[in-house]
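The values are calculated or read from the model by the stated rules, or taken from the named source; none is laboratory data. No experiment lies behind these values; they were computed from the predicted model shown. Positions of Cβ are backbone-derived with ideal geometry, glycine not excepted, and every protein chain shown enters the neighbour counts. Please note that ligands, DNA and RNA were not included when accessible areas were found on the heavy atoms of the full protein model with its side chains. Shrake-Rupley method; radii C 1.70, N 1.55, O 1.52, S 1.80 Å.
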Amino acid sequence: QRRDMGILFVNIPVKMRVLVPVKRVIDYAVKVRVKPDKKGVDLTNVKMSMNPFCEIAVEQAVRLKESGHATEVIAVSIGPKTCQETIRTALAMGADRGIHVYTEMRTDQELQPLAVAKLIKAIAEKEQPELLLVGKQAIDDDCNQTAQMIAGLMNWPQATFASKVTVHEDKKGVDVMREVDGGMQTVTFKLPGVISCDLRLNEPRYATLPNIMKARKKTIEQVTPEDLKVDVSPRLEVLSVEEPPARASGAKVGSVDELLTQLKNAKII
Amino acid sequence: LAEVYGGKLVPNTLSAVAAAAKIGEVTALVAGQGAKTAAAELAKVAGVTAVLATEAAHYDHGLPEEVSTLLVETVKAGNFTHVVSATSAFSKNAIPRAAVAFDSMVISDVAEIKSEDTFIRNTYAGNAVSTVKSSDAVKFLTVRPTSFERAAKEGGNGSVSDAKDSAPKGSSKWVKDEVQKTDKPELTAAPIVVSGGRGLKNKENFKLLDDLAAPMKAAVGATRAVVDAGYCPNDMQVGQTGKVVAPNLYIAVGLSGAIQHVAGMKDSKVIVAINNDADAPIFQVADYGLVADLFDAVPKLTEKIGRAH
């Protein structure tokens, strides 16, 4: 009696959970005003939005899902209750669920990249993502440190200022083309790793109304820094925040000749 | 932390030396291809006491996992209290990664050093200037090259010795570089910069700016918009998240002057704007504003300057 041995190929999908921190910041088009008490920028009644670089990170994560690479996208935001709006935006763009780390600290000053990196590390240890996509810098504090610090704390490889991300065939590594001072550099590493996202990585989508509605059903888990056992106290004490020195107002010139005369008289050329 | 690129010492390192010298005794660490030659140069720089150098291959291409490990081990072995590097893609990559080993924050792109623990830096695209005091035992800073005049190349008499190599991690690998080969002046150091925006309309029209820049030996910069559109490569971008310049003269051609662009050039001594839109925000920061069609004004300006030269 012949027995046919069937060989069953089980396609075990390679998991790729992507964790994306998203920061709620002053909208990029808002004219910034510094408070007269020199304690910080005036944020009362000011339009806030998702940090543009974080939007790019969310978009990239969602695209990775659409291309069949990422299996789950988790958006994390740290700050007051209003951060949940920022998480909802990420969910509307296509993230699967959110985590809100609640703190009343000023997120443009007192909550600093080192503390953020520690919080993200704590969450990553719990969620076990294969990839962290992080905006390269926040347009409020302009630090450009968080992604690098997370990578250092996790002892994971890093690729900063990414303008192109290509997942390997086996889904276990990535090639990242990054913007550097002289042009472009491509590096490669095996996951898990951290990538910081730069301007030209992608153009983020607008959340459509149906997706905004769907996002309402997605979960946002709330935790605190205490729950995560992270000390978030600031290391840099902000002594003062001031307006930059004002430039003396200039003048219009009527012609190229007049411009040249003025520049020569002022000994500029 | 010095920077070498293409086998050569990156000149902005001299700004980092000048900044570090304000705090205390300076040792320069240089790693990667060309480090030995760079070390010899650094030893002669005013303010440098000692130089540690290594040409071990795993430090090539500025791989941050390798460079930061070397930095951490060097700082620990030498009991350094401050780590300073000139703001660049290289230092931004490695410095924060190293800082966490000391549980330290990084003070990025410092514009002024008030004391060994108090620094001034820009936030909100330069619209809010922040004075901060660090309580970390080992302080990590990157410094804005345009804010610190480069240390003199002569006058120093530092010692040169081998850095103690860290073991390679091999966690990320370099694949390739695609770098613009240019003999044009370097953007962050040129005394005159000519920049173009969307008003130029296409890649070919940027030749108008090259022609204007040439007789003045000026560097040419660009806005984010034209880099996104593919008129210029990314290394020409001036702005909040691009390069910061502070030349004697900045000529802004056909660019509106968005907040994010102005952040990268508002420390220029003199700003000239040429734009056909009288309401363009750039005129609010310009010392001299010419409301004109750039396709008419720029060639005229080039011709007259060319004649003068």
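None of B:264, B:254, B:242 is among the small types (Gly, Ala, Ser), over 26 Å from residue A:143 (Cα atoms) and touching a residue at least 12 places away in the same chain (Cβ under 8 Å) except B:254. The numbered conditions (1) open to solvent by less than 30 Å² (accessible area, probe 1.4 Å); (2) at pLDDT below 95; (3) of a type in the set (A, V, I, L, M) are all true for residue B:189 except (1).
If you go through segment A:245-261 and keep only what is surrounded by 15 or more Cβ atoms within 10 Å (Cβ to Cβ) and not hydrophobic (A, V, I, L, M, F, W, C), you end up with just A:250. Residue under question is residue B:40, and the condition is that it be in contact with a strand residue (DSSP E or B) (Cβ under 8 Å, 6 or more places away or on another chain), open to solvent by less than 40 Å² (accessible area, probe 1.4 Å) and assigned to a helix (DSSP H, G or I); does it hold? No.
Residue by residue, here is whether (1) within 30 Å of residue B:115 (Cβ to Cβ); (2) not aliphatic (A, V, I, L, M) holds:
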{"residue": "A:209", "(1), (2)": "no, no"}
{"residue": "A:218", "(1), (2)": "no, yes"}
{"residue": "A:234", "(1), (2)": "yes, yes"}
{"residue": "A:257", "(1), (2)": "no, yes"}
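Residues of segment B:119-138 that are more than 7 Å from chain A (Cβ to nearest Cβ) and either more than 20 Å from the chain's Cα centre (by Cα) or open to solvent by 20 Å² or more (accessible area, probe 1.4 Å) (or both): B:120, B:137, B:138.
Between B:28, B:20, B:16, the distinction of being part of a strand (DSSP E or B), closer than 19 Å to residue B:87 by Cα and in contact (Cβ under 8 Å) with a residue 40 or more places away in the chain belongs to B:28 only. Scanning segment B:241-262 for residues that are within 20 Å of residue B:186 (Cβ to Cβ), at the interface with another protein chain (Cβ under 10 Å from one of its Cβ atoms) and in a loop (DSSP other than H, G, I, E, B) returns B:241, B:242, B:248. Here are some residues: B:21, B:28. Which one is under 30 Å from residue A:177 (Cα atoms) and of a type in the set (A, V, I, L, M, F, W, C)? Only one candidate qualifies: B:28. If you go through segment B:100-118 and keep only what is surrounded by fewer than 21 Cβ atoms within 10 Å (Cβ to Cβ) and among the charged types (D, E, K, R), you end up with B:103, B:112, B:114, B:116, B:117. Quick check: anything in segment B:71-87 surrounded by fewer than 24 Cβ atoms within 10 Å (Cβ to Cβ), among the polar types (S, T, N, Q) and part of a helix (DSSP H, G or I)? Yes; the residues of segment B:71-87 include at least one that is surrounded by fewer than 24 Cβ atoms within 10 Å (Cβ to Cβ), among the polar types (S, T, N, Q) and part of a helix (DSSP H, G or I). The requirement of being out of contact with any strand residue (DSSP E or B) (no Cβ under 7 Å at 6 or more places or on another chain) and over 21 Å from residue A:146 (Cα atoms) is satisfied by residue A:63.
Where in segment A:219-269 are there strands (runs of 3 or more DSSP E), lying wholly inside it, with at least 1 residues that are closer than 26 Å to residue A:112 by Cβ, within 9 Å of chain B (Cβ to nearest Cβ) and in contact with a Phe, Trp or Tyr (Cβ under 9 Å, 6 or more places away or on another chain)? Result: A:236-242. For segment B:226-243, a residue qualifies if it is surrounded by fewer than 19 Cβ atoms within 10 Å (Cβ to Cβ) and either on the phi < 0 side of the Ramachandran plot or modelled with pLDDT under 95 (or both), and the qualifying residues are B:228, B:229, B:233. Considered as a group, the residues in segment B:169-182 that are more than 7 Å from every other protein chain (Cβ to nearest Cβ) and open to solvent by less than 90 Å² (accessible area, probe 1.4 Å) include one that is farthest from residue B:64 (Cα to Cα), and that residue is B:182. The residue that is farthest from residue A:83 (Cα to Cα), among those in segment A:23-38 that are open to solvent by less than 90 Å² (accessible area, probe 1.4 Å) and at the interface with chain B (Cβ under 8 Å from one of its Cβ atoms), is A:34. Among the residues examined, residue A:96 does not qualify as charged (D, E, K, R) and closer than 19 Å to residue A:46 by Cα. Among the candidates B:89, B:57, B:94, B:46, the residue that is out of contact with any Lys or Arg (no Cβ under 6 Å at 6 or more places or on another chain), small (Gly, Ala, Ser) and at the interface with chain A (Cβ under 7 Å from one of its Cβ atoms) is uniquely B:89. Filtering segment B:199-213 to residues that are buried (at least 16 other Cβ atoms within 10 Å of the Cβ) and under 23 Å from residue B:266 (Cα atoms) leaves B:199, B:200, B:206, B:209, B:212, B:213.
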